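Q: Here's a structure for you.
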Amino acid sequence: MNGFVAWWARNSVAANLLMVLILVAGMATFLFQIEREVFPTASLDQVNVSVSWPGASPRDVEEQIVLRIEEAVSGLDNVKEISAQAREGSAQVTVEMEDGADYDSFLNLVKARVDGVSNLPPSSFPPVVSRPTADTPITFVSVTGDPAQISEVELNRLARRYRDELAQIPFSSPLIEVQGYQEEEVAVEITESALRRYGLTFDEVAAAIGSTSVNRSMGEIRTTTGNIPIATRQLADTADEFEALVIRRNQDGSVVRVGDVATVTDGFAERNSIFRIDGKPARLIEVLQPETVNIVNTSRAISDWIDEKQSSLPPGVELKEQYTLAELYFGRMKLVSENAVAGLILVLIILFLFLRPTVAIWVSAGIGISFIGTFIFLPMVDVSLNMLSLFAMLLVIGIVVDDALVVGESIHRQTEIGKQGLDAAVLGTQIVLKPVVFAVLTTMIAFSPFLLIGGVWGDFTKHIAWTIILALTFSLIESFLILPAHLAHLSKPKSGGLLSFQGKIADALVTFGDMIYRPVLQLALASRYVTVAIFLGLFAVSVALLQLGYVKFQFQPDVEQRLIMLTVDMQSATPMSRTEQVLEQVETAIEQLDQELLDRNGQDTVLSATVAAWPGWINVTLIMSPSDARDQTLGTISERLRTLIGPVPDSEDISLSTNFANDGGDRFIVGLQSADIDELSAAVTEVKAFIGQFGELYDVGDSLQSAQDELVFELKPGAERFGLSIGEVSRQVRQAFYGEEAQRLPRNGQDVRVMVRYPLETRENFESLSSMRIRLADGREIPLSAVADYRYGPAVRRIDRVDRERSVRVWSRVREGADAGPIRADFYSTFVPQLLAKYPSVEIKRRGNDEEQREFQQNVTVLYGLALFCMYMLLAIAFSSYFQPLMIMSAIPFGFMGALFGHLLLGENFAMFSIFGICAAGGVVVNDNLVLVDYVNRLRREGVGAAAALVEAGVVRFRPILLTSVTTFVGLVPILLEDSYDAKFLRPMVIALAFGVLFALFVTLIFVPALYAVGVDIARFYRGLWTGEDQPRLGHEGGLSGPTPHHPEIDDDRLHPAE
């Protein structure tokens, strides 16, 4: 390896060509190949099975669909959880796969089992088996219309056309949805009196429409002159054409047409709904992020398309970009790049002050070379340029600076002690080769667990891990193959001018190390047990800060996206009239909030409001002003909105979110499941009572729906003599109130159903049941009340199941700034055992963020334990010691200590991203520890006593150790001082890295030598017991008082730099 490094140092042409190759290839990849997105696309390890059974009750759906599918898939391998939901007319079963299993095989097995279920209801649609996707919106494009100039149907069709156009433009996404889009339907509505007057049935009307409204190809006539197709083209497509269809031809030649007995409406499928933007009828085109995307090109293409369409818009239509996630991407890129440049300038200033300008410039250049080289391989490992990979570059910048700085400083030191040119470059590089290589390898191992995490989190953390590993790889290449060649012409510094001034500053640092740090280190070694105890005590204090809540823990960071999303979920049977009342209550609260914010900020803060509603459900999305135009977080504003809305007694859930990735905001969610419905209901009541007593939590709710009334029909005794069954009676009632599908029309790429049924006013009137007639096979009509009784029975509109048992969720929102950690701990440690003892059939499970956090922590704990062991083995083999690797790895827990103190000082919550900062800080300080311990070992091999070697190594390595820590900390100062809301996303990581490195500086300079000395004491104690000989006390050979012998570079000539 030494010879390899020497070859590259001698061949500057090869080193320069390698540098140019890295720069050209990296920039080409950056400009033309690498994807750009805000957040990576995640693949869910789940399989969805959806079944539609129109008109069926949730209980029937559960019994005849859900239970049978659960039974079919429950025996499969690698099934982590089976969850299901039965709603009116539909079922969805979600099968979650265990981490690490092969998804394609799992999907095929689930599909095969579902296809094998042969006893599903005949009137249900075939099951659809699919993989769910966590689609992230890129851009929202609004299409609004003036009701006086464009109808809802025309607006609906226009939005669909624009959606298709958007999907075809270059750089756009094929994943585009239209919010507010309504399915079209042709309704043929017949009154009971019309049916009786003309002696018709729903079957006759539907059959007549299906047989007379036809487009059909009937083959072709093959003649000698050519083939002539045969077809009929009489498919009705408008209300007038349907009204003209003949139902019956009488013997007297008269005809009964659809228009004679029915009212035909060509409009939307019957579903009362509202969708408007800023008070106008609208549709919202939502462009979703595909698997591969360049958000810069996509955003630009959509903006250009909108500009082009402005000249051809129909009268009364407005088309505009409502919101784009590209704003977040550009904002974060600007934030990081500006602060990175400022940090780099500060680092350059530090390096210029304490190292020679040539060294400072090439060390700084190494940062750019390493990062540009990283771009080359990012596409190969499926990593894009996104918030997480950008975040990783910030993390690793300290380690990259560290590598180049240690090598550059070592070469610089060789010139100071008399070496020249190539000899200085090679010798300086070889001296630090071992510690730098092993430091980088241990850092790679430290981040490797994030490559192995399964599930959704693995799709995110791999972007961080791969970026760091590749950056470290190119850092090694630059530090050992390129940098020595650039410093091979370095000679002993000359005095005079600016260099003289710089030399005085650099000498002052060396003097400080010799005159101030030396006696401090000697004192620490003399009182080594006290020194070790003090550091261990500080570590214990830092852990207590987190355990006792002085530093709060927040699993996911809050990433504001200028949106507040409000959802009000009411009982399924809630009529549209009640939904509109609640919507008015919500809109009034929004107006009050808007006025309050206008008075506070002096400008509009609520820029736009999108409202969607249908019976029992309301969704409102507010687009807010940028964070720098207001002095409150969106979390605080959303809490105020919730207060202004006030109570909604008949709501099941009111959720507020400011983050696509954390829908529903910060919530405490608990899952309960049991086969005993009574015990489940009682347990839910007690859980809600427990949660409701805490002021930090509000909006306590549950998914257990109260029973609602349904009409249950039963056949009267003797009705069978008319040839009737309950199935026939229910079929005719269904035709009247739900409808009979006569046919489907192909229209603009979609199927439009033609439905025959009672008019709406009849279906909304309970008394219509008394006038309804049941048609017999012989043509007679009998009142429904004569053959069937009906009574009220309890029913639910939704049934939730988990692992083949009924399931309920209980939730509450956590107030902005509140710490729910102690509440969660008390709930699971104290309350849950008491509850389970009282209700033994009930099972409690963490849900929401709690579930994700627990799984993530379990995976990381196991994987990081293995990583630590691998790091230990690597260092133990390298240093031929069992004890020294532990001493070197002490950087990691003490980096954690520094990070916690930093969070406490700056009042920031400890978050998941703080863990990455601690790992990065550990990488910097492990490097410093390795450099120090390796030099101590080198001195001791040459016969220097332990105490003298520790003092001498500390003084000699004082400058590189101090500079690596100071440059890392100073480089992060600009973003630490950034007070914008955008910077809050990065603050936990930056604080952990900056303060971890700062505090660990003292660990390297004070604690590690003291711990090394304690290890020497222990080794000599056991050696004395084994040999029976008295061992010299540490310091007896000198080093703990007065100057130690100076060893410029021990045994340097053995390295043969010129070879």
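Rule-based calculations on the coordinates, nothing more; no lab input. Everything quoted here is computed from the prediction, not taken from an experiment. We place every Cβ from the backbone using ideal geometry, glycine too, and count neighbours over all the protein chains shown.
Q: What Kirkwood radius, in Å to one decimal, follows from the Cα pairs of region 925-973?
A: For region 925-973, inverting the mean 1/r across all distinct Cα pairs yields 11.4 Å.
Q: Would you list, by chain and number, the lysines whose Cα falls below 18 Å from the Cα of residue 838, excluding same-chain residues fewer than 8 positions away?
A: Partners within reach: 688.
Q: Could you give the angle, 0 to 90 degrees to the nearest 10, between helix 326-354's Cα long axis and the longest principal axis of the Cα atoms of the chain?
A: Value to nearest ten degrees: 0.
Q: Scan around residue 617 for amide H atoms under 5 Å from its own, H built in the peptide plane at 1.01 Å from N, and keep only partners 5 or more places away or cross-chain.
A: 570
Q: For region 254-408, rounded, prolate or oblate, judged on the Cα gyration tensor with a ≥ b ≥ c (square roots of eigenvalues), a/c < 1.5 rounded, else prolate if a/b > b/c? Each step should come with its number before you reach the end.
A: Working: a/c = 4.56, a/b = 3.47, b/c = 1.31.
Judged from the Cα gyration tensor, region 254-408 comes out prolate (a/c at least 1.5, a/b above b/c).
Q: Oh, and also: Which lysines have a Cα less than 30 Å from the Cα of residue 111, not counting those fewer than 8 places away in the same chain?
A: 80, 462, 845
Q: May I ask you to work out the translational diffusion coefficient for region 45-131 at 10 °C, viscosity 1.306 mPa s, via Stokes-Einstein with Rh from the Kirkwood sum over Cα pairs, reported in whole µm²/s?
A: 124 µm²/s
Q: Give me Rg/Rg_expected for region 721-767, where Rg uses Cα atoms only and Rg_expected = 2.2 N^0.38 Å with N residues.
A: Details: Rg = 14.3 Å, N = 47, 2.2 N^0.38 = 9.5 Å.
That ratio works out to 1.51.
Q: Helix 455-477 against the longest principal axis of the chain: what's the angle in degrees, Cα atoms only, rounded to the nearest 10?
A: 30 degrees
Q: At q = 0.16, 0.25 Å⁻¹, what is the base-10 log of I(q)/I(0) for region 984-1034 according to the Debye formula with one equal point scatterer per Cα and no solvent? Please give it to two decimals.
A: -0.60, -0.87
Q: Restricting to DSSP H runs of at least four residues, report the calculated mean residue ellipticity at 222 nm for the chain, -39500 (n - 2.57) per run over all residues, nearest 500 deg cm²/dmol.
A: On the way: 38 runs with 536 residues, N = 1059.
Using -39500 (n - 2.57) per qualifying helix, the result is -16500 deg cm²/dmol.
Q: OK, next. Once amide H atoms are placed 1.01 Å from N in the peptide plane, what residues at a sequence separation of 5 or more from residue 910, or on another chain, have their amide H within under 5 Å of its amide H?
A: 552, 553, 554
Q: Exposure proxy check: 181, 550 ranked by fewest other beta carbons within 10 Å? The partial results should precede the final answer.
A: Working: 181 19, 550 13.
Ordered from fewest to most neighbouring Cβ atoms within 10 Å, 181, 550 come out as 550, 181.
Q: How far is the Cα center of region 2-32 from the Cα center of region 860-931, in Å?
A: 31 Å
Q: Output the Kirkwood hydrodynamic radius of region 818-952, Cα pairs only, in Å rounded to one decimal.
A: Values: mean 1/r = 0.0536 Å⁻¹.
Answer for region 818-952: a Kirkwood hydrodynamic radius of 18.7 Å.
Q: With a/c under 1.5 counting as rounded, go ahead and sort region 808-869 into rounded, prolate or oblate using the C-alpha gyration tensor (a ≥ b ≥ c being the square roots of the eigenvalues; past the cut-off, prolate if a/b is larger than b/c, else oblate).
A: On the way: a/c = 2.28, a/b = 1.44, b/c = 1.58.
Verdict is oblate for region 808-869.
Q: Going by amide H atoms built from the backbone, whose H comes under 5 Å of the H on residue 774, apart from near neighbours?
A: Answer set, sorted by chain and number: 782, 784.
Q: Among 632, 726, 329, which residue has its Cα furthest toward the positive end of the charge dipole of the chain, with +1 on Lys/Arg Cβ and -1 on Asp/Glu Cβ?
A: 329
Q: Work through the residues other than residue 471 whose Cβ is under 11 Å from its Cβ and net out their charges, Lys, Arg +1 and Asp, Glu -1. Could you put the intermediate results ahead of the total?
A: Details: positive: none; negative: 403, 478.
With Lys, Arg at +1 and Asp, Glu at -1, the net is -2.
Q: With 10 angstrom as the radius, rank 854, 773, 249 by how many other C-beta atoms surround their C-beta, starting from the fewest.
A: Values: 854 14, 773 17, 249 10.
By the 10 Å Cβ count, ascending: 249, 854, 773.
Q: Can I ask one more? Convert each backbone phi in region 576-581 into a coupling constant with the Karplus relation 6.51 cos²θ - 1.76 cosθ + 1.60 (shift: θ = phi - 60°), then list the ³J(HN,Hα) values in order as whole Hz, x for Gly and Pro.
A: The phi angles translate into 5, 4, 6, 4, 5, 5 Hz.
Q: Pairs of alpha-carbon atoms within less than 8 angstrom and 6+ residues apart define the contacts here; what relative contact order does the chain have, in percent?
A: Numbers: 1825 pairs, mean separation 172.6, N = 1059.
Rounded, it is 16 percent for the chain.
Q: If packing is taken as the average number of other Cβ atoms within 10 Å across a peptide's residues, how do 966-973, 163-170, 685-692 rank, most packed first? Could the numbers behind the result be given before it?
A: Numbers: 966-973: 22.9, 163-170: 14.0, 685-692: 16.4.
My ranking of the peptides, most packed first, is 966-973, 685-692, 163-170.
Q: Can you tell me the dipole magnitude for the chain around its Cα centre, using point charges on the Cβ only (Lys, Arg +1; Asp, Glu -1), in Debye to the nearest 20?
A: Numbers: 87 positive and 128 negative charges, 527 e Å.
Roughly 2540 debye, rounded to the nearest 20.
Q: How many angstrom lie between the C-alpha centres of region 739-808 and region 310-331?
A: 42 Å
Q: At a Cα cut-off below 17 Å, give the lysines reachable from residue 552, other chains included and same-chain residues fewer than 8 away excluded.
A: 984
Q: How do 990, 128 rank when sorted from fewest to most other Cβ atoms within 10 Å of their own Cβ?
A: Taking fewest neighbouring Cβ atoms as first place, the list is 128, 990.
Q: Relative to the longest principal Cα axis of the chain, at what angle does helix 891-906 sit, 0 to 90 degrees, rounded to 10?
A: 70 degrees
Q: Plugging the Kirkwood radius over Cα pairs into Stokes-Einstein for the chain, at a temperature of 4 °C and a viscosity of 1.567 mPa s, what D comes out in µm²/s? Intermediate results must be reported in sequence, preceding the final value.
A: Working: Rh = 34.3 Å.
Result for D is 38 µm²/s.
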